[in-house]
Each structure stands twice: as C-alpha cells, then as structure tokens.
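Encoded as structure tokens, the structure appears first; notes follow it.
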Amino acid sequence: MGTALPKDDLQLQEAFKSIIAIDTLSPHIMDLAKLIHNGELDKESIEKVLKAHKIRKIERIKKGILDLLIAYINLILKDHIITDAEKKNIELLKKYFKIKEGDFYKYRRDAVAECLTRQFELIYSDNVIDKNEALHNVGLQDLFDLSYDQIEEFKEKEVLNALERGANIIDLDTTKYPKDTSNND
C-alpha cells in the first residue's frame with residue numbers, strides 16, 4: 001500500500017526537509033518525518049518505525065507527533081495562506097497518525113496558541129476581517145480541529161486589541177464580546 005500523500009509535492013518535501021534539518025526531534029519522530037519527506041509514509045512503514053523503537057501503539061507517541069504536525073503547520077502558515085494541498089496533507093497526516101479532534105487543544109494548547117497568535121495578529125491588525133480572512137480563520141480552526149468556542153478563545157486577545165484601536169465588533173468576525181473589555185461609563 002502506498003502513501004496517500006503526494007510524492008511530487010515539493011512544498012511538503014521541503015517543509016519536512018527543514019523540519020529534519022532542525023534535528024530537535026526524538027529518534028522515532030525523526031524517522032516518521034523522514035518517511036514523509038521521502039514520500040514513503042504508509043501504515044506498514046509506520047509499523048516498522050514503531051517496532052524498531054519498541055513502541056507498541058502510535059498513541060504512546062501522540063505528543064511527539066503533534067509537535068511534528070505543529071512544526072509543519074507553522075511552516076505552511078509562514079505565507080498566511082492554507083492551500084487545498086496543505087489542508088489535504090494535514091488531514092492525511094492526522095489520519096495516519098490517529099490524531100483525534102481535541103488532541104491539539106488537549107496536549108499542545110500552548111503551541112497552538114503561539115501559532116494562532118501570529119496569524120491573528122496579522123489578520124486583526126487592520127481592525128476589519130474581510131471574507132478571505134474569515135475563511136482563513138475557519139481554515140485555522142480546521143487545521144487544529146478546534147471547536148467554535150476554542151477558536152474564539154484564541155482570537156479573544158486580538159479582538160480586544162482591535163476594539164481598543166477603535167474597531168467595530170461587527171467587523172471582527174466574532175459573535176462574542178471579549179471578557180476583558182473595560183467599562184467606559
């Protein structure tokens with residue numbers, strides 16, 4: 001069985017080449033990153049890596065895999081765009097590595113917050129969220145499998161900053177008023 005990840009995806013290969021070059025990953029996560037980089041990721045190759053590192057179930061290394069996926073997500077978001085190919089790659093990687101809805105939030109909330117903060121700072125900097133930026137927010141929510149309330153929680157600081165700069169809440173792609181708004185009586 002071959003990988004469902006595209007073998008000719010230069011962006012994917014370059015991203016994982018960069019991740020591998022940093023060399024801060026544990027050996028088993030590094031081996032999984034190499035599989036992705038070489039276009040060799042499939043269930044059998046994952047099982048071989050797990051067996052070679054004496055890991056019985058992939059769920060036991062979930063946090064390391066989440067770190068790997070977050071590293072990839074950070075790289076693809078440098079241009080503040082999520083392409084269809086990137087979205088598909090993330091979905092396939094989550095499927096192969098058995099990442100479930102809520103895992104990013106539960107196990108790597110701070111890393112997700114850092115990534116999202118960088119995105120939201122740019123999106124909210126002009127005090128207006130246009131249609132493309134609203135769609136980008138949804139894309140970010142999907143990448144990390146966040147609920148509506150969770151994504152709103154991460155956006156809250158930048159929404160508040162925009163309001164303090166004079167933005168109108170109607171223009172900010174949110175239905176919640178931030179908790180920290182001051183009373184101007």
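What distance in nm lies between label points placed 7 Å from Cα along the C-beta direction at Val128 and Arg60?
If labels sit at Val128 and Arg60, their model points lie 5.6 nm apart.
Hey, fewest Cβ within 10 Å first, where do Phe97, Phe120 land in order?
Lowest to highest Cβ neighbour count: Phe97, Phe120.
Give, as a single signed number, the net charge of other residues whose beta carbon lies under 14 Å from the beta carbon of Arg165, with Lys and Arg counted +1 and Asp and Glu -1.
My count for the surroundings of Arg165 gives -4.
According to a simple spin-label model (label point 7 Å from Cα along Cα-to-Cβ), what is the distance in nm between Ser147 and Lys106?
1.3 nm
Rounded to whole Hz and in sequence order, give me ³J(HN,Hα) for the stretch 52-63 from the Karplus expression 6.51 cos²θ - 1.76 cosθ + 1.60, θ = phi - 60°, writing x for Gly and Pro.
Result, ordered by residue: 4, 9, 6, 10, 6, 9, 4, 4, 5, 10, 4, 5 Hz.
Please enumerate, by chain and number, the lysines with C-alpha under 18 Å from the C-alpha of Lys155, excluding those fewer than 8 residues away in the same chain.
Excluding near neighbours in sequence, the set is Lys106, Lys131, Lys176, Lys179.
Note down the net charge around Leu122, summing +1 for each Lys or Arg and -1 for each Asp or Glu among other residues with Cβ under 15 Å from its Cβ. List each step's numbers first, then the result.
Values: positive: Lys78, Arg118, Lys155, Lys157, Arg165; negative: Asp79, Glu114, Glu121, Asp126, Asp130, Glu133, Glu158, Asp173.
Spelling it out: positives minus negatives among the neighbours equals -3.
Given the Cα-Cα distance of Ala52 and His80 and 0.36 nm per residue of separation, how much length would full extension add, in nm?
Stretched out fully, the Ala52 to His80 stretch lengthens by 6.3 nm.
A 18 angstrom limit on the alpha carbon distance is what I want to check against. Which of Lys57/Lys100; Lys17/Lys98; Lys78/Lys157; Lys43/Lys87; Lys57/Lys87; Lys7/Lys51 exceed it? Don't jump to the answer; show the numbers that get you there.
Working: Lys57/Lys100 15 Å; Lys17/Lys98 23 Å; Lys78/Lys157 21 Å; Lys43/Lys87 20 Å; Lys57/Lys87 26 Å; Lys7/Lys51 24 Å.
Those over the limit are Lys17/Lys98; Lys78/Lys157; Lys43/Lys87; Lys57/Lys87; Lys7/Lys51.
What does the helix-only formula give at 222 nm for the chain: each DSSP H stretch with n ≥ 4 adding -39500 (n - 2.57), the total divided by the residues, and the result rounded to the nearest 500 deg cm²/dmol?
It lands at -19500 deg cm²/dmol.
Any read-out appearing in this document is the output of simple, stated calculations on the displayed coordinates, not a laboratory observation. Since we're looking at a predicted model, the values are computed, not measured. With ideal geometry, Cβ positions are generated from the backbone for all residues, glycine too; neighbour counts draw on all protein chains shown.
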